[in-house]
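**Q** Take a look at this one; I'll ask things after.
Each value in this text was obtained by applying a stated rule to the coordinates, not by laboratory testing. Everything numeric here is computed off the predicted structure, so don't read it as measured data.
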Amino acid sequence: MTMSHHGAVLVGLGNYHQGVPELDWGARAAQARNLPLPVVRAYHLSEATMPWASTADRVIIDDLRHAAQRHLDLALRHLHEHWADVPSTGTIADGLPWQVMIEHSADAAVTVLGSRQLGMFGAALLGSVSTVVAAAGAGPVVVVGHPSGIPAGYPEVVVGVDGRDQTDDVLGFAFDHASRHHRPLHAVFCWSPDVLATAQWRNPPPAPDRADRWLAEVLAGWQEKYPDVDVRRGVVRDHPVPALVAAANGQDLLVVGSHSRHARVAALLGSVSQGVLHHATCPVAVVHPLGSSDLRL
């Protein structure tokens, strides 16, 4: 049975950096939204339910349960010490971590996960819990890497705009986050013949020489709704992954849309959203339509 986290900022507690990056990002978001902060730590008990599981197996599973509880207790202590004004709760859940978080994301306002970062540019490990949940979760899923805190200066919210069906969802989340956290917004349209030839468009973008005007028209309504957000826009002749990663370097957040959650996971893991997850050095929000997910292996 899936526990409801309706309207909350949900944190999936991971193993890296003691979970501090996802805890702090989630607490900051919950504080700005005036929402509760439930924290879920998953552990896998499936083998213990099999009739042939040995006594030794059950001892190992008990150890996993106790370790998950200890990790969760430390996370809640961190929140109580550093984010005392944010109401937080904790739950340990029996199940595959990616499956638990996909199910729990269905009712959350935002789902926040940590990520193992590899290499010079912090590439996230392909197929990890965070990348699978970002591919197939519900609503906005934010993946946070290193515990670097808030970037210095006046960091931007960078949003990739492409004219697909999810453009309004993506821009809505980006503008709302920028407004709540007092950030400027940088909207980027990447013109790439390869991407344009394979995409399904609701509002097809024009050739590069007319793209800036098109982008201004797409943003106009959102700027009226959020007059407090300073907006700049840019058109880049490049594939979206390197262009968006470069634009988001050292910034507050990169926001992108997802492929359909009804696609197979292999296709989702090859998408632009997964590409930026693997290479971006700032937190990445992958925005899905709100509602239950449907992951096909």
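**Q** Please list the non-local residues whose amide H lies under 5 Å from the amide H of LEU185, H modeled 1.01 Å from N, same-chain partners needing a gap of 5 or more.
**A** Close amide H contacts, sequence-distant or interchain: VAL157, ASP230, VAL231, ARG232.
**Q** Long-range amide H contacts for SER88: which residues qualify at under 5 Å (H placed 1.01 Å from N, peptide plane, sequence gap of 5 or more or a different chain)?
**A** Excluding prolines and chain starts, which carry no amide H, the hits are LEU37.
**Q** Where Rh is the Kirkwood radius over the Cα pairs of the range 210-251, the temperature 37 °C and the viscosity 0.692 mPa s, what D in µm²/s does Stokes-Einstein return?
**A** Value of D from the Cα-based Kirkwood radius: 277 µm²/s.
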